[in-house]
Amino acid sequence: MKHVTLPTGEQVPALGMGTWMIGEDRASRAGEIAALQRGIDLGMTLIDTAEMYGDGASERLVGEAIKGRRERVFLVSKFYPHHATVRGARTACEGSLGRLGVDCLDLYLLHWRGEVPFEETIEAVERLREQGKIRHWGVSNLDIRDMKELRALPGGERAAVNQVLYNLSRRGVEWDLLPWCEQARIPLMAYSPVEQARLLRHPGLRALAARHGATPAQLALAWLLTREQVIAIPKASTRAHLEENFAALECPIDAATLAELDRLFPPPQRATPLEML
Ligand code: NAP
């Protein structure tokens, strides 16, 4: 497994697992749990969930999947912006811990910026950290201006990651946010790394992947994995997709392939607002 270093020096897998839309359908439950457990066994031990996903259904399923495996997992969850107050975050965190069946989250993210001032949110998550309910905290969907504002506040330097939309078809972050985060040593967690499967239908990507003896998903993930400080969190609800994605770690990308990907999916030529799904 390739690893990415958090600002504290702790290493986390560069390829983890997303869980949006997981746990919502009884019929696929067993397959989803088996896929997550297979991922843990393979070393994709970073699992991303949120209180929002299925109104807690994703966290409950993750809780079931990690039973007996907790110590191997780097567990990430997120709280709503309207829970970003001291009292709201405590209640939200206790809810997530209960659904996940754990005592502590490894990383707790503000899902997106809302009305609550950053100062109060920092106080809220710092209290949770002091109480041992979370080990690290971070943010999601924050553009560069918000990141700079957060970072300048007392305690803001403790933000461990920024989780944002980043994939071959959404490269806007490369203009300013990614270089800024690299400089600040804050890893980017790339969500929707295969653009919720839409990317996999791209004819150019399909042709290039075929020439490499890889699948479009593997090439899209392998491209993200060439970035030093990026953590990709594809969601796979089947063991077949999960194993296919894991094999992206073994998918070599040479300079000619990178150039061809730049031609198919050009890097940004100007600053653009951060996109969100
Ligand atoms: P994604 O990971 O880009 O795509 C997931 C979709 O791609 C699923 O339909 C999945 O199908 C399919 N897929 C995965 N691997 C495949 C493969 N090898 N071959 C064919 N299809 C494949 O999209 P995402 O779920 O939106 O993003 C990943 C995670 O990021 C989420 O699950 C969530 O944890 C997080 N996220 C965070 C935010 C945020 O605001 N912070 C927003 C969006 C997502 P199956 O399910 O059938 O395997």
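The values are calculated or read from the model by the stated rules, or taken from the named source; none is laboratory data. This is a predicted model, so every value here is computed, not measured. Because the Cβ atoms are built from the backbone with ideal geometry, glycine has one as well, and the counts that use them run over all protein chains shown.
Is there any pair with a first residue in region 172-198 that is free of Cβ contacts under 8 Å to residues at least 40 places away in the same chain and a second that is of a type in the set (S, T, N, Q) whose Cβ atoms are under 6 Å apart and which are 6 or more apart or on different chains, and what are they?
So the pair list comes out as Glu195/Asn167; Glu195/Ser169.
From the list Leu109, Leu97, Leu142, pick out the single residue that is farther than 18 Å from Trp20 by Cα, at pLDDT 95 or above and in contact with a Lys or Arg (Cβ under 7 Å, 6 or more places away or on another chain).
Leu142
Considering each of Ser237, Ser192 in turn, give the residue that is modelled with pLDDT of 95 or more, polar (S, T, N, Q), within 15 Å of the ligand (Cβ to nearest atom) and out of contact with any helix residue (DSSP H, G or I) (no Cβ under 6 Å at 6 or more places or on another chain).
Exactly one of Ser237, Ser192 is modelled with pLDDT of 95 or more, polar (S, T, N, Q), within 15 Å of the ligand (Cβ to nearest atom) and out of contact with any helix residue (DSSP H, G or I) (no Cβ under 6 Å at 6 or more places or on another chain), namely Ser192.
What are the pairs with Cβ atoms under 6 angstrom where one residue, in region 154-170, is over 23 Å from Leu105 (Cα atoms) and the other, located anywhere, is near the ligand (Cβ under 10 Å from one of its atoms) and part of a strand (DSSP E or B)? Sequence gap at least six, or different chains.
What qualifies is Tyr166/Ala190.
Hey, could you check region 26-82 for residues that are among the acidic types (Asp, Glu) and in contact (Cβ under 8 Å) with a residue 24 or more places away in the chain and say which is nearest to Val125 (Cα to Cα)?
Among them, the one singled out is Glu51.
Hey, among Gln229, Gln218, which residue is within 29 Å of Trp112 (Cα to Cα) and more than 10 Å from the ligand (Cβ to nearest atom)?
Of the residues listed, the single one that is within 29 Å of Trp112 (Cα to Cα) and more than 10 Å from the ligand (Cβ to nearest atom) is Gln229.
May I ask you to list the residues in region 105-141 that are of a type in the set (A, V, I, L, M) and either free of Cβ contacts under 8 Å to residues at least 24 places away in the same chain or out of contact with any Leu (no Cβ under 7 Å at 6 or more places or on another chain) (or both)?
Those that are of a type in the set (A, V, I, L, M) and either free of Cβ contacts under 8 Å to residues at least 24 places away in the same chain or out of contact with any Leu (no Cβ under 7 Å at 6 or more places or on another chain) (or both): Leu107, Leu109, Leu110, Val116, Ala124, Val125, Leu128.
What tally of residues in region 216-248 results from selecting those that are part of a loop (DSSP other than H, G, I, E, B) and farther than 27 Å from Ala65 by Cα?
Summing the residues that are part of a loop (DSSP other than H, G, I, E, B) and farther than 27 Å from Ala65 by Cα in region 216-248 gives 4.
State which residue is farthest from the ligand (Cβ to nearest atom) when the search covers only region 1-59 and only residues that are more than 30 Å from Arg151 (Cβ to Cβ) and polar (S, T, N, Q).
If we take residues in region 1-59 being more than 30 Å from Arg151 (Cβ to Cβ) and polar (S, T, N, Q), then Gln37 is farthest from the ligand (Cβ to nearest atom).
Has region 88-105 got at least one residue that is within 14 Å of the ligand (Cβ to nearest atom) and of a type in the set (Gly, Ala, Ser)?
yes
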